[in-house]
Structures are given as structure tokens and as C-alpha cells.
């Protein structure tokens, strides 16, 4: 990591307007606690549920029930200036040198913030604008992966204007049962349902359309649910493989991930994988990462079927950093501790920012 005479001013961006607002705060709380205070001056930048940016207080980060925006001082964004983030009242704000967004979900990891960071001319952790947008849209992700000859679950896409014309019989004739129905642009399994009959299907479609104007109906893949942490810009590294072993629920939904104590059994490393299968899984994870154009970090979720086929389920470009999140745990098992992982991610952001400044922009 590049050394500074003084501590690096790191803006930790958290919260946001998505349904994953609370998860973002949990991730940010863990990151803030793990960052070395000798290396970093942490600047808390909170985004309220309504989208307001504030210089957040410690209470807004750490005290449950304290809403972002209730205490923090309002911020303004001033692209094209020497201080692109400033207090709205005009008083001096010590602008970060690097941003670490941990804003899960739409308007956080879908490319919208990443594009804004470019306008602010500030380097940031995680994949760039296009990769973030492509990975958030599960329909686009599948098309790109399929064109790269990677296996994905067969699916159908429907838009909100088609909702009342969706033919259940035609769907199951093509995809069979059971089915998974999910919003195209959402993370943490928000709005995802499993359907095994017409009533469940209708309810699942209704639920998914509450979160997006485009939904996916997927064929269920019977197999082990495996995950791989990938990191790097150009030259990339992959962790070993972890497994989500369900104990009480049909699939790894939002409650299983964040609210249930016993719904999922996280296994690191995943057991009973021979060397050939392990190498294949890591190769697929790296290929998916490169196909979408990811940099910085991404968690690649896959299914391994009984016949040895590997299906890519999705890519999470800003994976969770809570105390139970798979991404940091996979790297920890690989020998990279939580604090060291954060250092490396910040270093990757800085090096990409320096690389991009050398590119010719305009005339």
C-alpha cells in the first residue's frame, strides 16, 4: 500500500436509499472498527434513507435506531472543484482522498454512485461503473456470462407492463418446477421467492415487482451453493471455496443471511471437493469476474451439480462485510486477515485511480 506522510483520509460511504440500508450500516461498522487508525483518518459519509448526504456522527454509525441524517452535518457535492465534497453551509470540510463505498443494493452498487465518484474525481474501492451496473442487473449478467460460454440457470425475463400477461403454464413448460422469481436489480436475496405451484408463482411475481420493473423467472438448479472471493485489477487472485449449507430453509434468503441464527451453515472451506473440481470452480469464478469487467473485489456465487457442472448464479460487487459475511471470511481462511484485506482493497483503489489519470480524456 502506498505510504503517506500523514494518515490517508478515507471516506467510508454507507447507508443509502435501497432496502439494504441497514445491512450497509452493519458492514460499515465492522470496517470502521477494523481499519488501522495509525494508517487512516476515517471520514464517515452517511447517505440517509431519503438520499441526503451527511458527515455522519459515530452515533449514526454505531447506535442502533439512530437514523442517518438525524445528527450529521449536511454535505454538498461539487464536481470540478478542488474540494468536491463540502459542507452545505460553506464551512470547511476535510475532503477524503479515497472513498470506500459499502452501499449495498440499488443506487449504491449499481454503477450510479460509481459514476458519481468519477465526476468527483475521487478514487474508490470496488468495481467501476459498467461492471457494477452489469452485475446488479441479473438479466444482463446472465447474457454476458452466457456469451462467454459460462453456464447459467435457464431463465425468462418479464417487465412490469407484461405482468398480467405472464402465462404460468407456458413458463413451467419451458423451465419446469420449482422456480425462483427475483427482481432483476436487487441484492441480499431481497424480493426473491421460490414457487412450486401457480398460487406461489403469482405471489412471487407480485413480490418481485414491488422491487423492480424487471424480474427474472429461473429454473431451479439442484446443487451445492458455493462462493468464491475474487480480488484485483487486471491481475486477480481468488480465495478458496466456501459453501452455504442450508439447515432449515429452502434457499438462502434475506432472513437466512442476516436475521436467522440457524438457517444457514457457512462452511469454509467447502468440504469434499477434489483438486480438479476446486480448480474448476476457481477458474469459473475468475472467468466470471473478468467477463463482467470487475476490478477491486467481487464475490462470485455458483452452483455445483452432481454431474460436476458449475453454474454461475450471480456476482456481488460490494459484498457484505458484516461479522458473518462470506467475503472477508474466505480471505481470512486464505491467510489475509480483515484489516489486511481492507488495506489491499484501498491500495487497489489508489492504483486504479493513478492508472486512470494517465488516460487521455477528451481533446
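When you look at residue 145, is it in the same structural domain as residue 327 (by TED's automatic domain parsing), surrounded by 19 or more Cβ atoms within 10 Å (Cβ to Cβ), in contact with a strand residue (DSSP E or B) (Cβ under 7 Å, 6 or more places away or on another chain) and modelled with pLDDT of 95 or more, yes or no? The answer is yes for residue 145.
Could you list all residues from region 236-277 that are modelled with pLDDT of 95 or more and either out of contact with any helix residue (DSSP H, G or I) (no Cβ under 8 Å at 6 or more places or on another chain) or not assigned by TED's automatic domain parsing to the domain that holds residue 310 (or both)? Within region 236-277, 237, 243, 267, 270, 271, 272, 274, 275, 276, 277 meet the criteria.
Residues that are on the phi > 0 side of the Ramachandran plot and in contact with a helix residue (DSSP H, G or I) (Cβ under 9 Å, 6 or more places away or on another chain) are absent from region 157-178 altogether.
Hey, among 106, 79, 101, which residue is modelled with pLDDT of 95 or more, on the phi < 0 side of the Ramachandran plot and either touching a strand residue (DSSP E or B) at 6+ places or on another chain (Cβ under 6 Å) or in the same structural domain as residue 213 (by TED's automatic domain parsing) (or both)? Only one candidate passes the filter, namely 101.
Residues are listed down the side, and each one gets a yes or a no for (1) surrounded by fewer than 16 Cβ atoms within 10 Å (Cβ to Cβ); (2) part of a strand (DSSP E or B):
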residue	(1), (2)
273	no, no
282	no, no
306	yes, no
312	no, yes
320	no, no
328	no, no
342	no, no
350	no, no
355	yes, no
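Being under 19 Å from the mean Cα position of the chain (by Cα), touching a residue at least 40 places away in the same chain (Cβ under 8 Å) and closer than 25 Å to residue 19 by Cβ is a description that does not apply to residue 115.
Starting from residues that are touching a strand residue (DSSP E or B) at 6+ places or on another chain (Cβ under 7 Å) and closer than 17 Å to residue 298 by Cβ, keep the ones in region 331-340 and report whichever is surrounded by the most Cβ atoms within 10 Å (Cβ to Cβ). Reasoning before the result, please.
First, pick out the residues of region 331-340 that are touching a strand residue (DSSP E or B) at 6+ places or on another chain (Cβ under 7 Å): 331, 333-334.
In the following step, the residues that additionally are closer than 17 Å to residue 298 by Cβ were identified as 331, 334.
On the way: 331: 22, 334: 16.
Only one residue tops the list, namely 331.
Residue 205 falls short on exactly one of the conditions (1) in a helix (DSSP H, G or I); (2) over 20 Å from residue 19 (Cα atoms); (3) within 25 Å of the chain's Cα centre (by Cα), and that condition is (2).
How do the helices (runs of 4 or more DSSP H) wholly within region 68-166 filter down when requiring 3 or more residues that are under 22 Å from residue 26 (Cβ atoms): which remain?
Details: elements: 112-120, 129-136, 138-147.
Result: 112-120, 129-136.
Taking the conditions (1) modelled with pLDDT under 95; (2) surrounded by 14 or more Cβ atoms within 10 Å (Cβ to Cβ); (3) under 30 Å from residue 355 (Cβ atoms) in turn, residue 295 satisfies each one other than (1).
Within region 9-25, the residues that satisfy the criterion of being surrounded by 20 or more Cβ atoms within 10 Å (Cβ to Cβ) and touching a strand residue (DSSP E or B) at 6+ places or on another chain (Cβ under 9 Å) are 10, 11, 12, 13, 14, 15, 16, 21, 24, 25. The set of residues in region 352-363 that are more than 21 Å from the chain's Cα centre (by Cα) and modelled with pLDDT of 90 or more comprises 354, 355, 356, 357, 358, 359.
The values are calculated or read from the model by the stated rules, or taken from the named source; none is laboratory data. Fair warning: this is a prediction, and the values are worked out from it, not measured in the lab. Note: ideal-geometry Cβ built from the backbone for every residue, glycine included; neighbour counts use all protein chains shown.
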